[in-house]
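Notes to accompany the following structure.
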Amino acid sequence: MEIVSTMGSGSLGRELDLDTFVSELENHLGGSVDANFTSNGMATVRLEEDGPAYTLYRTGTFQIRGATDEDHLTEAADRFREVLSEIGVEVPDYEFRHVTSVFMEDLGREVNLEALTIALGMEDTEYGPEQFPGLIYRPPEHEVALLVFASGKIIVGGTTDRSEAKSAVKQLKDELAVLDSA
């Protein structure tokens, strides 16, 4: 099972003037900051090309998305804090935590999603191929969501724990084995 992406969130413990903040980032990093202002209260920046995305809110809360694993997420959070210090942004109460990871597994076989929906039970699944090409399965024993595709690819979200993701996928594989033997 491979980890595809991680996301963390935090707070600087203070409000930010986003225009000034982004301008200071650009000056400090030589204009290489990729910034996207979604609204007056939110901006997304990348400190390096193809690096993690930092979504900053006027309130001082932030999210880091697109790190490839937990170590990369920690490095991105450390880099962000370092840059804040370098541009003189005082951070009275810095908080950060890993919120979720996205894992991927490949069953190495195709899956009949209609039959799987029935086998898993309509109360724990959502499948509407005209709206989304995969089956959404929320196993009652786990606090994760599995996106199962006919190709056999599975995306697991809603946890930071690889063992929880693996356990949910094992349960799905066991259900598929029962379905195959029927």
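Rundown of residues vs (1) open to solvent by 50 Å² or more (accessible area, probe 1.4 Å); (2) farther than 29 Å from ILE155 by Cα; (3) at pLDDT below 95; (4) touching a Leu at 6+ places or on another chain (Cβ under 9 Å), yes/no style:
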residue	(1), (2), (3), (4)
GLY88	yes, yes, yes, no
VAL91	no, yes, yes, yes
THR100	no, no, yes, no
LEU120	no, no, yes, yes
LEU135	no, no, no, yes
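Quick one: would you say ILE64 is in contact with a Phe, Trp or Tyr (Cβ under 8 Å, 6 or more places away or on another chain), of a type in the set (A, V, I, L, M, F, W, C) and modelled with pLDDT of 95 or more? In short, yes. Would you pick out the residues in the stretch 1-25 that are open to solvent by less than 70 Å² (accessible area, probe 1.4 Å) and over 21 Å from the mean Cα position of the chain (by Cα)? GLY13, LEU16, LEU18, PHE21, VAL22, SER23, LEU25 - these are the residues of the stretch 1-25 that are open to solvent by less than 70 Å² (accessible area, probe 1.4 Å) and over 21 Å from the mean Cα position of the chain (by Cα). Checked across the stretch 73-80, the condition of being open to solvent by 70 Å² or more (accessible area, probe 1.4 Å) and of a type in the set (Lys, Arg) holds for no residue. Note on the stretch 159-182: among residues that are β-branched (Val, Ile, Thr) and free of Cβ contacts under 8 Å to residues at least 60 places away in the same chain, the one that is least open to solvent (accessible area, probe 1.4 Å) is THR159. Quick one: would you say THR68 is over 20 Å from ALA43 (Cβ atoms) and open to solvent by less than 50 Å² (accessible area, probe 1.4 Å)? Answer is no for this residue. When ASP106 is tested against the conditions (1) modelled with pLDDT of 95 or more; (2) open to solvent by less than 40 Å² (accessible area, probe 1.4 Å), the lone failure is (2). Applying the condition of being over 16 Å from the mean Cα position of the chain (by Cα) and buried (at least 18 other Cβ atoms within 10 Å of the Cβ) to the stretch 44-55 and asking which residue is modelled with the highest pLDDT yields VAL45. Residues of the stretch 7-36 that are farther than 25 Å from GLY157 by Cβ and either touching an Asp or Glu at 6+ places or on another chain (Cβ under 8 Å) or modelled with pLDDT of 95 or more (or both): LEU12, GLY13, ARG14, HIS28, SER32, VAL33, ASP34, ALA35. Evaluating ARG138 against the criteria (1) closer than 30 Å to ASN27 by Cβ; (2) under 24 Å from the mean Cα position of the chain (by Cα); (3) of a type in the set (D, E, K, R) leaves one unmet condition, (1). Being more than 14 Å from the chain's Cα centre (by Cα), among the small types (Gly, Ala, Ser), modelled with pLDDT under 90 and open to solvent by 60 Å² or more (accessible area, probe 1.4 Å) is a property that does not hold for GLY41.
The values are calculated or read from the model by the stated rules, or taken from the named source; none is laboratory data. Fair warning: this is a prediction, and the values are worked out from it, not measured in the lab. Because the Cβ atoms are built from the backbone with ideal geometry, glycine has one as well, and the counts that use them run over all protein chains shown. Accessible surface is based on the protein model in full, side chains and every heavy atom, while ligands, DNA and RNA are left aside. Shrake-Rupley method; radii C 1.70, N 1.55, O 1.52, S 1.80 Å.
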